Amino acid sequence: MTHDRTVHAPARRSFLSRLAAGAGAFGAAFAGAATASAQPATAPGRFVPARHAEDDWLDDTTAKHRFFYDTMTAEAGGQALFFARNFFVANASGYKLTDADLAQVICLRHASASFGFTDAMWAKYSDALSARAGNFLDPKTKQAPTVNVYQASGYGEALRNVNVTIDQMAKRGVRFAVCGLSTRATAQLIAQKTGTDVDAVMKELSAHLVPNARIVPAGIVTVSRAQERGYTFAYID
């Protein structure tokens with residue numbers, strides 16, 4: 001019995017050592033396989049939006065900060081002018097920044113698009129522009145405006161821009177994106193009322209934009225494109 005223990009004990013220890021080592025290796029391999037299977041086959045990449053030449057004007061600035069206001073109502077169009085002025089004022093007093101350091105775009109779409117046009121268009125197409133602006137009335141006359149009230153001074157708190165006019169903000173560098181779809185709808189309404197050609201009216205409206213304004217394919221598209229190009233977004237109610 002002593003001889004058997006002396007001869008076979010080392011063999012048993014060797015066998016058990018190999019078995020334990022094999023089990024450890026198998027466990028490690030299994031754990032590694034489980035970890036690998038838990039990982040996605042391919043890690044999702046960072047989304048990079050496509051660039052289109054139609055939107056390159058948004059990058060036509062060397063400003064340090066970019067701000068985009070989305071407006072859909074007549075009242076919101078005026079409020080955005082007031083906020084744009086405040087953005088200049090607070091950045092100047094709090095951060096010592098100049099107007100050139102700040103790129104601001106006000107989007108005029110849906111009911112606010114009517115205010116992307118000059119006094120001449122309001123004088124000529126007052127009823128249609130007022131109707132498209134949600135039946136907006138001049139607070140002084142209580143009639144459809146015959147001027148672009150956001151280019152006029154003297155209304156004070158009767159309007160939400162509180163005498164901050166389009167002309168004032170345009171001179172400081174604020175740009176205006178006027179919705180092309182809304183403009184087309186306005187042209188169609190004018191054409192129906194006057195019996196004229198829609199395309200001709202569209203061309204006329206497009207030629208009489210407020211300063212620093214441009215027609216964009218659709219305001220809602222520009223809302224998206226501006227954010228893709230680094231503009232902070234604010235919806236004005």
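Values in this text are rule-based calculations from the coordinates and carry no lab data. It should be emphasised that the depicted structure is a prediction, and the values quoted were computed from it without experimental measurement. FYI the Cβ positions are ideal-geometry reconstructions off the backbone, even for glycines, and counts take in every protein chain you see.
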Extension gain, K64 back to D237 (0.36 nm per residue minus Cα-Cα distance, nm): 59.7 nm
Cα centroid separation, the stretch 96-131 to the stretch 170-206 (Å): 11
Farthest positive-ward along the stretch 66-236 dipole, Cα basis, beta-carbon charges - from V221, M121, V147: V221
Restraint check, K96/K142; K96/K140; K124/K171, Cα-Cα greater than 31 Å: K96/K142; K96/K140
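In debye, nearest 20: dipole of the stretch 37-146 around its Cα centre with unit charges on the Cβ of K, R (+) and D, E (-)?
260
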For the stretch 66-236, share of DSSP beta bridges that run antiparallel, in % to the nearest 5: 5
Gained length - N86 relative to W57, 0.36 nm times residue gap less alpha-carbon distance: 8.1 nm
